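Take a look at the structure below.
The values are calculated or read from the model by the stated rules, or taken from the named source; none is laboratory data. The structure presented is a predicted model; accordingly, all values stated were derived computationally and were not measured. Cβ coordinates were reconstructed from backbone atoms using ideal geometry, including for glycine residues, and neighbour counts include every protein chain displayed. These area figures cover heavy atoms from the full protein model, side chains too; ligands, DNA and RNA do not enter into them. Shrake-Rupley method; radii C 1.70, N 1.55, O 1.52, S 1.80 Å.
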Amino acid sequence: MEFFDVIKRRKSVRAFLDKEIPKDMEMKIKEAINLAPSAGDLQSYKVFVVKNESIKKRIADAAYGQMFVADAPLVLVFCADARRSSSKYGRRGMELYALQDATIAAAYAQLAATALGLSSVWVGAFDEDDVKEVIRTELRPVAIIPIGYAAKNPERTPRRSVEELFEEYL
Ligand SMILES: Cc1cc2nc3c(=O)[nH]c(=O)nc-3n(C[C@H](O)[C@H](O)[C@H](O)COP(=O)(O)O)c2cc1C
């Protein structure tokens, strides 16, 4: 798929078919994630790959009952590794870069999934401590990305105008 078609095609889908994602597609998503830029090339994040039904349900519960998370065949939990970034960047690495590294990686995952004809949604509303407990980590969860085949085709949401969004200094 052409790059700008991928960008245009991506939209949040919150209903998934009960259909597995082929292994080679999953690998392509992982490889795309691994190509994301990161501060100092430290890749200060870790991605938890969840397919287990009961763990997916517990993650959906931790996301305040957003049960579509459990319906996706593949759930990626992106966690910031603050210590890793702070080793080089101190407080800025801990408070900002690690979060940005994880965030960019999650965005890459969404675009890669789209390019493969899959759908996803960014889930940011969750209880961090509950998610940490479910996936057994001390790292900070930043985004949950359920990925799968769309069971619905939602309307595209509107955007602000370009004039409003950008301020130009010419
Ligand atoms: C930081 C962040 C947090 C979000 N959290 C949630 C969420 O918890 N649940 C949900 O259904 N969608 C969530 N979304 C998805 C947004 O609602 C969605 O991206 C936005 O409405 C634009 O729609 P689009 O993705 O279809 O372009 C989140 C998106 C972002 C970037």
*With a 1.4 Å probe and every protein chain left in place, tell me how much accessible area Asp127 has, in Å² to the nearest 10.*
50 Å²
_chymotrypsin sites (Phe, Trp or Tyr not before Pro) restricted to DSSP loop in the stretch 62-170 with at most 14 other C-beta within 10 Å_ = Tyr64, Phe166, Tyr169
*Gain upon complete extension [Asn153, Asp127; 0.36 nm per residue less C-alpha separation]*: 6.5 nm
*Under a 1.4 Å probe, what is the accessible area of the chain per residue, stated in Å²?*
61 Å²
*Quotient of Cα Rg and 2.2 N^0.38 Å for the chain, N being how many residues it contains*: 1.07
*Which loop-located trypsin sites (Lys or Arg not before Pro) does the stretch 49-153 contain, where loop means any DSSP state but H, G, I, E or B and the Cβ has at most 16 other Cβ atoms within 10 Å?*
Lys51, Arg136, Lys152
_Descending principal axes extents, the stretch 107-170, alpha-carbon based, whole Å_ = 49, 32, 19
*asked:* Please list, by residue number, every one of the GluC sites (Glu not before Pro) in the stretch 1-100 that is coil in DSSP and has at most 12 other beta-carbon atoms within 10 Å.
replied: Glu2
*Heavy-atom accessible surface of the stretch 1-123: percent carbon and sulfur, 1.4 Å*: 53 percent
_Taking R0 as 22 Å, what FRET efficiency do you get between Ser12 and Tyr169 from their Cβ-Cβ distance, rounded to the nearest 0.05?_
0.10
*How many Lys pairs in the chain lie less than 17 angstrom apart by Cα atoms, where the lysines are 8 or more positions apart or on different chains?*
14
*Does the stretch 1-63 come out rounded, prolate or oblate, given a ≥ b ≥ c as the square roots of the eigenvalues of its C-alpha gyration tensor, rounded meaning a/c under 1.5 and, failing that, prolate meaning a/b above b/c?*
oblate
